[in-house]
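A short worksheet on the structure shown next.
Laboratory data are not the source of any read-out in this text; all were calculated from the coordinates shown. If you're wondering where the values come from, they're calculated on a predicted model, not measured in any experiment. Quick reminder, even Gly has a Cβ in these numbers, built from the backbone with ideal geometry, and neighbours come from all protein chains shown.
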Amino acid sequence: MSGHKQLRIALRNCGVIDPENILEYIARGGYMALGKILDEMAPEDVIDELKKSGLRGRGGGGFPTGLKLEFARRNEGERKYIICNADEGDPGAFMDRSILEGDPQSILEAMAICGYAVGANEGYVYIRAEYPLAIERLTIAIRQAYEAGLIGDDIMGSGFSFDIKIKYGAGAFVCGEETALISSVEGNRGEPHFKPPFPAEKGLWGMPTTVNNVETLANIPSIFNMGAGRFAEIGTKTSKGTKVFALAGNVNKVGLVEVPMGTTLREIVYDIGDGIVGGKKFKAVQTGGPSGGCIPEQFLDIPIDYESLKEIGSMMGSGGMIIMDEDTCMVDIAKYYLEFTTDESCGKCTPCRIGNKRLYEILCKITKGEGTEEDLDSLKELGGIIKDTSLCGLGQTAPNPVLSTMKYFYDEYLSHVRDKKCPAGICSSLTRYEIIADKCIGCTMCAKACPTACISGKVREPHKIDQAKCIKCGACFKACKFDAILKS
Amino acid sequence: MIKIKSFNELKELKESLNAQREHIRIIVGMATCGMAAGAGEVFDSIAGEIMRQGLKNVTVVRSGCMGACHSEPTVEIVKPGEDPVLYGNVDSSRAKVIISNHIMRGEIVEELVLEKNYETASLGEVEQ
C-alpha cells in the first residue's frame, strides 16, 4: 500500500471536471486568478509574484517563468504575443496532451494572465495535428471562454482584451524549440535560428514574444490562487512546485504522475509505479526523452530536480520517464534515440545533420558486432563536438543518450565490441540460440514455434537449429518447456 | 452561456454553481488513453443504465485523464459527503454492477477499487 506521494497542481482538474463545460472549471475556482489579477494587480506585481513562486519552464530548459515574462514586458513592440507550446514530441511523453484533454480552460486562463503581465493582447496555442481530441476540446474551450467573456474583448469589464487562436503543427520534434516553433507559426519551415535575438526581443512577426509550455501554464492560475509563498514551499531549493511525469516502460503501474520536486526516483518507480514488471531487476530510467539520458540504479535515491538530473548526465526534459529492466540493451536504447533525432533533425546545421547520422551509423555497427574499441572513442569525441557546435537544443542534446549510457554502462559497450556479445540478448546479430541435446526430449514445440522452419529433428529425438537460417527471434526459447535452449 | 461582466459576477457564479452540487457524479476518464481502452462504450453503458433505472440525481461526466493508464478505463464515483471511490478496468458489464451495487444500494464493489494515491492541492479559493 503506497502512501500519498503525489501532489496534483498542474493536473488538479484532470479527471475531475468535464473539460467541455466551462462551468465545471469555474465551479472549481477557474478564472478566479485572472479575475483577481485584472481587478487588483498591476502587471509588474503579476511578474513579481511569479518570480517569487520560483516557477521554471516545464518544457525542458527550466528557465524561470517570471523572468521570461519580465524580459518580454521590458521590450517595446507594436504588438506582443503569448505562445503556448503544445508541440509535445518526446517519445513516451503525454502530459501536455492530458492537460489539454482534461483541463483546457486552465491553459487559456494562464495565457491571458501572461498576456496581461507582458502587455500582449494575442495568443497562439501551437499544437500538433496528431492530437485530434486535444484540439477538439481546446476549440470548444476557446469558444466557451469567448461566450462567457473570459477571453476576448474587455475581459470581466477590466478593459483588458486578449484573443487566442490555435495554430496546428505538423508534428516535428524540432518545433518544440521556440525559434523553430515561431517560424512554423509564421508559416515558414520549422527551422531554428540563432539566439540572440531571443523571442522576448524579436519573436513572432518580429515582435516581443513569450513561449511557455502547457504544463508551465497549467501551474500559473494555481500559483495565484494558493499564493506564490505557498507554492514556493513545495519542492527543492532551486526547483519549486511539482513535476508531472509520464511513467512508462517496464513498470507495473504505468501512468501519469505528479510529484513534488525533490521526490526520489525510487519513490516514483517503486511506491507509485509499484516496481518492475515480473519482479525483474531495475536497470535504468530514461528521463528527458531524446535529449536526456539513462540513469542507473546508484542514483535511485537522489531527490530529483532540474539541477540534480543535469549533474548525473540527464535532464528533466518535458517529463517522459521510461523504466528499463535487466533485459534492456543500453547500446540498443542509445541507437533508438539517435535514430529518432537523426530523423527529426531539420538539417539546417552540419553538426546535427551529419554528426548525429555518423553517431547513429557507429551505433549500428556496434550492435551488428562489427564495432571496435576505437569506435567507442569516436562516439565520445564526436558526441562532444556535436554538443558544442550544434545550432539549437535538438542537436546540442542529441548525443546525451549515447554519452550517458557510455558513462554508466561502458562494460556493456565493451562486451559488444570486444567479446561480440550483447549481455541483455537484444542485439540479434550478437545472439545465438542452441539446443542442448541432453536436455531436449524431442517434444517438437520449438520446431512448431519457429517462423523460419529452421529447427529439424524427429519426435522424441534431440532437435537442432540451422544457424544459417535462424533469425534470432527467440520464439523457440520461449516455447521450450525444458530449458533445453541456450541463449548466448 | 451568459457573459460575465465583472469579477464579482464570476464569484457569484462560482458560488451558485457549488450550491447546486448535490448530485452523485459518475466520472468516466475519457482522454485519448481511456478512449483507446474502451471508455466510450463504458460511458454509453453507464448513461443508458442511469436512464433505464430512472435515476434522477446522477450526473455522468466525461472527464480527462486520471493518470491510471495501467487500469483504464477508469470510473470515479463521487457521492456528496462521502470519499470518492475510483474504479479501474471497468467494462460495460462491470459498469452495470457498479451502478446497481454502489449507486443504488450504497455497496462499494471492492474488487474493482483502485487505490487513489494522490492529493489535490485545494486551490479553489482565492486568498484574500
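Tabulated data for the structure shown
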{"quantity": "Bridge type composition, chain B - antiparallel percent by DSSP, nearest 5", "calculated": "60"}
{"quantity": "Förster radius 41 Å - calculated FRET efficiency between residue B:22 and residue A:300 (Cβ-Cβ, nearest 0.05)", "calculated": "0.30"}
{"quantity": "Relative contact order of chain A, pairs being alpha-carbon contacts under 8 Å that are 6 or more residues apart, as %", "calculated": "14"}
{"quantity": "Convex hull volume per residue in cubic angstrom - Cα atoms of the protein assembly as shown", "calculated": "166"}
{"quantity": "Packing-based ranking, highest mean first, of B:36-47, B:61-72 given that Cβ atoms within 10 Å are counted", "calculated": "B:61-72, B:36-47"}
{"quantity": "Spin-label pair residue A:434/residue A:381, simplified geometry with 7 Å Cα→Cβ offset, distance in nm", "calculated": "3.8"}
{"quantity": "From phi via Karplus (6.51, -1.76, 1.60), per-residue ³J(HN,Hα) for region A:47-55 in Hz, x at Gly/Pro", "calculated": "5, 4, 4, 5, 5, 5, 5, x, 4"}
{"quantity": "Between region B:1-80 and region A:440-488, the alpha-carbon center distance in angstrom", "calculated": "54"}
{"quantity": "Those lysines that a straight Cα-Cα span of less than 18 Å connects to residue A:167, excepting residues fewer than 8 apart in one chain", "calculated": "A:80"}
{"quantity": "Environment charge at residue A:322 (Cβ cut-off 12 Å; Lys +1, Arg +1, Asp -1, Glu -1)", "calculated": "-1"}
{"quantity": "Protection proxy ranking, peptides A:16-28, A:454-466, average beta carbon neighbours within 10 Å, highest first", "calculated": "A:16-28, A:454-466"}
{"quantity": "For residue A:6, distant residues with modelled amide H under 5 Å away", "calculated": "B:119"}
{"quantity": "Linear extension gain, residue A:350 paired with residue A:388, 0.36 nm per residue minus alpha-carbon span", "calculated": "12.5 nm"}
{"quantity": "Calculated on alpha-carbon atoms, Rg and Dmax of chain B in Å", "calculated": "16.3, 49"}
{"quantity": "FRET efficiency, 1/(1 + (r/R0)^6) with R0 25 Å, evaluated for residue A:189 and residue A:165 via beta carbons", "calculated": "0.75"}
{"quantity": "Whole-Å distance, taken between Cα centres, linking region A:46-72 and region A:189-257", "calculated": "9"}
{"quantity": "Qualifying lysines (Cα of each under 22 Å from Cα of residue B:11; at least 8 residues distant if same chain)", "calculated": "A:36, B:3"}
{"quantity": "Exercise: per-residue mean of other protein chain Cβ atoms within 10 Å, A:149-161", "calculated": "3"}
{"quantity": "Averaged over A:126-136, number of beta-carbon atoms from partner chains that fall within 10 Å", "calculated": "1"}
{"quantity": "Relative contact order [Cα under 8 Å, 6+ residues apart], region A:3-93, whole percent", "calculated": "13"}
{"quantity": "Between 0 and 90°, nearest 10: helix A:356-367 axis offset from chain A longest Cα axis", "calculated": "30"}
{"quantity": "Length added when fully stretched, residue A:471-residue A:448, from 0.36 nm per residue minus Cα-Cα", "calculated": "6.8 nm"}
{"quantity": "Residues with amide H under 5 Å from that of residue A:283, placed H, sequence gap 5 or more", "calculated": "A:324, A:325, A:326"}
{"quantity": "Average Cα contact separation per residue, region A:242-325, under 8 Å, 6 or more apart, as relative contact order %", "calculated": "38"}
{"quantity": "Coil-residue chymotrypsin sites (Phe, Trp or Tyr not before Pro) of region A:137-209, DSSP, other Cβ within 10 Å capped at 12", "calculated": "A:194"}
{"quantity": "Residue B:15-residue A:154 pseudo-label distance in nm [points 7 Å out on the Cα-to-Cβ vector]", "calculated": "2.5"}
{"quantity": "Region A:1-52: translational diffusion in µm²/s, Stokes-Einstein, Kirkwood Rh over Cα pairs, 37 °C, 0.692 mPa s", "calculated": "243"}
{"quantity": "Separation in nanometres of the label points that stand 7 Å from Cα toward Cβ, at residue A:44 and residue B:115", "calculated": "5.1"}
{"quantity": "Relative packing of A:106-117, A:76-87, A:41-52, which averages over residues the other C-beta atoms within 10 Å, highest first", "calculated": "A:106-117, A:76-87, A:41-52"}
{"quantity": "Residue-wise HN-Hα coupling along region A:198-210, computed from phi with Karplus coefficients 6.51, -1.76, 1.60 (Hz; x: Gly, Pro)", "calculated": "6, x, 4, 8, 10, x, 4, 6, x, 9, x, 9, 10"}
{"quantity": "For q = 0.12, 0.15, 0.19, 0.23 Å⁻¹, Debye-computed log10 I/I(0) when each Cα of region A:330-419 counts as one equal scatterer", "calculated": "-0.30, -0.47, -0.75, -1.06"}
{"quantity": "Å³ per residue enclosed by the Cα convex hull of region A:155-268", "calculated": "192"}
{"quantity": "Proximal lysine pairs, region A:242-325, alpha carbons under 20 Å, eight or more residues apart or interchain", "calculated": "6"}
{"quantity": "Charge tally in the Cβ shell below 13 Å around residue A:295, where Lys, Arg are +1 and Asp, Glu are -1, residue A:295 excluded", "calculated": "+1"}
{"quantity": "For residues of A:94-102, the mean tally of beta carbons on other chains within 10 Å", "calculated": "5"}
{"quantity": "Projected area, mean over directions - region A:22-232, Cα convex hull, nm²", "calculated": "10.6"}
{"quantity": "Whole-Å distance, taken between Cα centres, linking region A:261-290 and region A:319-396", "calculated": "24"}
